[in-house]
């Protein structure tokens, strides 16, 4: 909590125009931008829980207006038609609005509307991961400049209280690593592949038929959605500005039923993980999204269906996990409402909450410097000396082998290897070397292994 | 955030004596009460992370003094001997102290010291679950009266950020139920019994030899520790004052290897749960600590060894779980440090954080009104008509049966029943009725079943 610069002046000025929120029962007025799946649930909760919210805040909340694209559309919850407007700019500019809730998503017009609101001394609550990950500097910068609140709990992992714990509860600790299942669609698909043996295509179709995946599933299955969340998490965990462009990203479209079965046979399960990790020397961070094998005994392994969970390793706290629903109207609205209560309390007190913290300003290291373990499957010729030749390539690139298993015979001979910790660059060089060997018919899969002790 | 009443006056007065914290680099000064397992880790973190803490707070933290019982004792971390004192009262009274960190535990002298500090305008960070659960009214009341911060994240579930999410992130939602594994000792014992088939006594001995259980394990195994935490959780979740005396409490000393095996056979695992639940009509809450069977597919079932986890069901957020280390020096110190950062930021801003919220003021209903499911094992005579006679007793008390299983024959005949939802009073009456039957040789176990859909 920092005092708003010039807060006293601002308050006096505000009192000139109208009473200060919270005084003489003057309500805090909320402008809602967007009334889709999340927005309509925000309206519902503001109505249904009005008394509880007023008691918790110390003043009632009032919906000042709801900006929508089309007025006539049918909506999930009852919104007073008199509150609807297609002029979001005018709504944001109204001088009786205290808090702007942005659930439109995307870069524009969300960014311009948020900047206008901040410039005008309003507080922002947003669920906009894309904007924060792509151009967080602009909106956080404006919040700092104007001394305004910018809260965004709903932008990562929906209902799960995660950002507040990271930036407040762990403020006295040092985060080493964050491993997150932050995309429900891909977790649903991978869980189905794991439990039923389905192919990626079949599992995706099922997810689409159940509404867990969009008709165009690219943003989910290619890891774009998770990458935006990874950037936001890394920024909070390491007090460093990280953008979506800094995040190494691989999707799950190439995961086969064979990969899933092979992982299972070795006691692993495949998950799409968002990983934010400090380097061993603490001087840089790596931020990446890719499918990875984790041991079935790891707490993240039990995260089923479309649930999300984020596993945090901190120096003193040790291992923590936060689990819950990562998407959906009501869960996301719950996170939005929690932020509305927080900024409302701040506004009554004339202060703002913690702002973006980037003091550590660590470098984001390239993927090649990432250190982890790898699971490699090779189609090999079934003759003596194969293992020796293969092992030599690993040794040449300083990648040491932890487990080797030979499966099948003759044309079906498969070599499955799990390495010790090595850099991504060393592993890539090893794979190139293996591809050049005559006795290696094919490198059938390469997957990172995460969540093991000191991996 | 509420402005501290008379904050401006207080600040001016304080500036008269010394500079306001955070201004001109004046550090925030911390008095530490207690330097045992947790306290010595707090000292270590204050030293090791001084630069990070200063950057996150906006002013350095300085240890003003450490109150201990004996000066000569060997400690886990290096504390400057010049800071040690046996006069806790004088340390708390020093007018250069901003924040008092209380990790002595127990009711007195902790309470008197905290009251003196609050009266004096200081902020408190405490890990004292016993005091908050037994006499929270007095300390919370003093915090409110004097406009001082009282933060207590470390009092429940150690390192797990739990209280802040409950009172802030979920401030816009309605909590239905909290199911928590909040005692690591008993979870370790029950986990060993489940995985190895050990008896309670053997598992307890192992826990003691590993330092997970005290020589006198009463507070843990009889559920007193969990009951204090349940009272604190219920208060936060339901905006109602709940004390340890309101909590129905049963320990785990009577759980047998047979109970554990029987649960396993039915797809359950036995956990000691702290349960805080709103009644169906929303007008009262039940708060209880007892062993219960939960399905092996429930997220809490996978909580192994001495880990803690708290499962929260909220109307909009849905199911959430928070997992991590519930005890230990460094994990608990991490939670203490998070609170120190929060109160330090508040102090610089001249505000205080959210205070105790008891506006809902719900009644705590007696255990008899609790509604849940039950698992009942009976030693019965192996003759025709037994099931009909037993079923009649259940029906008479309006307890409907969901599953019946007959095991063994002749002298070993066992009847295992799982009920639908019923009140605790109805189940107790049913059990009394069963005991009166000639054909029932013994009621070998009665255990509540939690964590199933709508149970």
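Of the listed requirements (1) more than 8 Å from chain B (Cβ to nearest Cβ); (2) part of a strand (DSSP E or B); (3) crowded, with 24+ Cβ neighbours inside 10 Å; (4) touching a helix residue (DSSP H, G or I) at 6+ places or on another chain (Cβ under 8 Å), residue A:324 misses just one: (1).
Give me a count of the residues in the range B:359-370 that are more than 10 Å from every other protein chain (Cβ to nearest Cβ) and not in a helix (DSSP H, G or I).
Taking the range B:359-370 and keeping what is more than 10 Å from every other protein chain (Cβ to nearest Cβ), we get B:361-370.
Those still in the list that are not in a helix (DSSP H, G or I) too: B:361-366, B:370.
Counting residues in the range B:359-370 that are more than 10 Å from every other protein chain (Cβ to nearest Cβ) and not in a helix (DSSP H, G or I) gives 7.
When restricted to residues that are closer than 20 Å to residue B:213 by Cβ and not in a helix (DSSP H, G or I), the range B:241-267 contains 8. Filtered by the rule that a residue be touching a strand residue (DSSP E or B) at 6+ places or on another chain (Cβ under 8 Å), facing chain A (nearest Cβ under 7 Å) and more than 13 Å from residue B:161 (Cα to Cα), the range B:309-321 gives B:314, B:317, B:318, B:319.
Against the conditions (1) buried (at least 22 other Cβ atoms within 10 Å of the Cβ); (2) within 14 Å of chain A (Cβ to nearest Cβ); (3) in contact with a strand residue (DSSP E or B) (Cβ under 8 Å, 6 or more places away or on another chain); (4) closer than 25 Å to residue B:213 by Cβ, residue B:301 satisfies every one except (1).
Can you tell me which residue among B:388, B:429 is modelled with pLDDT under 95 and part of a helix (DSSP H, G or I)?
Numbers: B:429 fails: modelled with pLDDT under 95.
Only one candidate passes the filter, namely B:388.
Of the residues making up the range A:111-129, those that are assigned to a helix (DSSP H, G or I) and either surrounded by 22 or more Cβ atoms within 10 Å (Cβ to Cβ) or at positive phi (or both) are A:113, A:114, A:117, A:118, A:129. Of all residues in the range B:98-109, those satisfying the criterion of being surrounded by fewer than 22 Cβ atoms within 10 Å (Cβ to Cβ) and in contact (Cβ under 8 Å) with a residue 12 or more places away in the chain are B:105, B:106, B:107, B:109.
For residue A:330, indicate whether it is touching a residue at least 24 places away in the same chain (Cβ under 8 Å), facing another protein chain (nearest Cβ under 7 Å) and either outside any helix (DSSP H, G or I) or farther than 15 Å from residue A:156 by Cβ (or both). Yes.
Here residue B:154 clears all of (1) touching a helix residue (DSSP H, G or I) at 6+ places or on another chain (Cβ under 7 Å); (2) surrounded by 24 or more Cβ atoms within 10 Å (Cβ to Cβ); (3) away from every other protein chain (no Cβ under 14 Å); (4) assigned to a helix (DSSP H, G or I) except the condition numbered (3).
Of the set (1) assigned to a strand (DSSP E or B); (2) at pLDDT below 95, all apply to residue B:455 but (1).
Quick check on residue B:378: is it part of a helix (DSSP H, G or I) and either crowded, with 22+ Cβ neighbours inside 10 Å or under 21 Å from the mean Cα position of the chain (by Cα) (or both)? Against the criterion (part of a helix (DSSP H, G or I) and either crowded, with 22+ Cβ neighbours inside 10 Å or under 21 Å from the mean Cα position of the chain (by Cα) (or both)), residue B:378 does not qualify. The residues of the range B:207-218 that are assigned to a helix (DSSP H, G or I) and out of contact with any helix residue (DSSP H, G or I) (no Cβ under 6 Å at 6 or more places or on another chain), listed by number, are B:208, B:209, B:218. Within the set B:338, B:350, the sole residue that is in contact with a strand residue (DSSP E or B) (Cβ under 9 Å, 6 or more places away or on another chain), surrounded by fewer than 24 Cβ atoms within 10 Å (Cβ to Cβ) and at the interface with chain A (Cβ under 8 Å from one of its Cβ atoms) turns out to be B:350.
Looking across the range A:160-199, just one residue is assigned to a loop (DSSP other than H, G, I, E, B), within 13 Å of chain B (Cβ to nearest Cβ) and closer than 16 Å to residue A:303 by Cα, and that is A:160.
The values are calculated or read from the model by the stated rules, or taken from the named source; none is laboratory data. What you are looking at is a predicted structure, and each value in this text was computed from that prediction instead of being measured. Every residue, glycine as well, gets a Cβ built from its backbone with ideal geometry; the counts of neighbours run over all protein chains shown.
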